[in-house]
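**Q** This structure is in structure tokens; I'll ask about it shortly.
The values are calculated or read from the model by the stated rules, or taken from the named source; none is laboratory data. Here the structure is a predicted model, which is why all the values come from computation and not from measurement. For neighbour counting, all protein chains shown are included, and Cβ atoms are generated from backbone atoms with ideal geometry for every residue, glycine included.
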Amino acid sequence: MKNITIADDQNILAQGLSNLLEATHVFKTKIVSDGVELLQETLYQVPDIIILDLNMPRLNGLEFLEKIKNTSITTNIIVLTSYNEPELIKKVKNLGAKAYLLKNTEIDEIVEVIYSLDSIKFYLGKGVKSISNDSILFNDKFPESVLLTNREKQIIKLLAQNKVPKEIAEELFISYNTIKTHRKNIYKKLNINSISELVSFTLKNEIL
């Protein structure tokens, strides 16, 4: 029996996938909802397979892959995501994942990939864009921009308009401290330190 960890903060999706996999009676699943928890669980007891969402709180999927790339951990990782961008797919491949699937894939394809992990180098799921060299636009910060949440993009737009956290909090009906936390996370994801850098980044990457 293969032990599979499903890492996804969308509980309904994760639980549904868990139920479908366990219905085969050959997979035992565990669900974790954020990247830090996933890293701790993986270091403590390495699962046979990790099904990994890229957009998770505290530690996103790319950061998780980066942290375990140079360790002795040998678990097989299947990325299951809604992002379908060649640059992101290429980075996932380079970080050691074995497969890249979209969240609209059929359960039969997921099971087929699981059974084929020992014999494949890197599997692109149905509907996933090509990662041939001709299709790649190299931009080191692109994956981080893709992983911005809708709320973060909303806040970036307001910050780029030179609005202060207090004004943004009032406009979005959320607390001042929540806005400060979002701003801190945005700066960390994009590796920037100022509003001017933020404006420059958004214009360059057309993420708004």
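**Q** Do we find a residue being surrounded by fewer than 15 Cβ atoms within 10 Å (Cβ to Cβ), touching a Leu at 6+ places or on another chain (Cβ under 8 Å) and in contact (Cβ under 8 Å) with a residue 12 or more places away in the chain anywhere in region 72-81?
**A** no
**Q** Between residues in region 26-54 that are more than 20 Å from Thr71 (Cβ to Cβ) and residues that are among the basic types (Lys, Arg), which pairs lie under 8 Å by C-beta distance while being six or more apart or on different chains?
**A** Pairs that qualify, where the first residue is more than 20 Å from Thr71 (Cβ to Cβ) and the partner is among the basic types (Lys, Arg), are Val26/Lys2; Phe27/Lys2; Lys28/Lys2.
**Q** Looking only at region 83-95, filter to residues that are out of contact with any strand residue (DSSP E or B) (no Cβ under 7 Å at 6 or more places or on another chain) and not basic (Lys, Arg); which one of those is surrounded by the fewest Cβ atoms within 10 Å (Cβ to Cβ)?
**A** Asn94
**Q** Mind checking whether some residue in region 34-46 is under 20 Å from Glu106 (Cβ atoms) and more than 10 Å from the chain's Cα centre (by Cα)?
**A** Within region 34-46, none of the residues are under 20 Å from Glu106 (Cβ atoms) and more than 10 Å from the chain's Cα centre (by Cα).
**Q** Looking at region 15-42, which of its residues are within 17 Å of Val113 (Cβ to Cβ) and surrounded by 17 or more Cβ atoms within 10 Å (Cβ to Cβ)?
**A** Leu17, Ser18, Leu21, Phe27, Thr29 - these are the residues of region 15-42 that are within 17 Å of Val113 (Cβ to Cβ) and surrounded by 17 or more Cβ atoms within 10 Å (Cβ to Cβ).
**Q** Given the conditions (1) within 18 Å of Ala99 (Cα to Cα); (2) under 18 Å from the mean Cα position of the chain (by Cα), report the number of the one that Arg58 does not fulfil.
**A** Unmet for Arg58, out of (1) within 18 Å of Ala99 (Cα to Cα); (2) under 18 Å from the mean Cα position of the chain (by Cα): (1).
**Q** Kindly check whether there is at least one residue in region 101-110 that is farther than 27 Å from Asn185 by Cβ, among the hydroxyl-bearing types (Ser, Thr, Tyr), in contact with a Leu (Cβ under 6 Å, 6 or more places away or on another chain) and surrounded by fewer than 21 Cβ atoms within 10 Å (Cβ to Cβ).
**A** no
**Q** When you scan region 85-99, do you find a residue that is within 16 Å of Leu13 (Cα to Cα), modelled with pLDDT under 90 and not aliphatic (A, V, I, L, M), even just one?
**A** no
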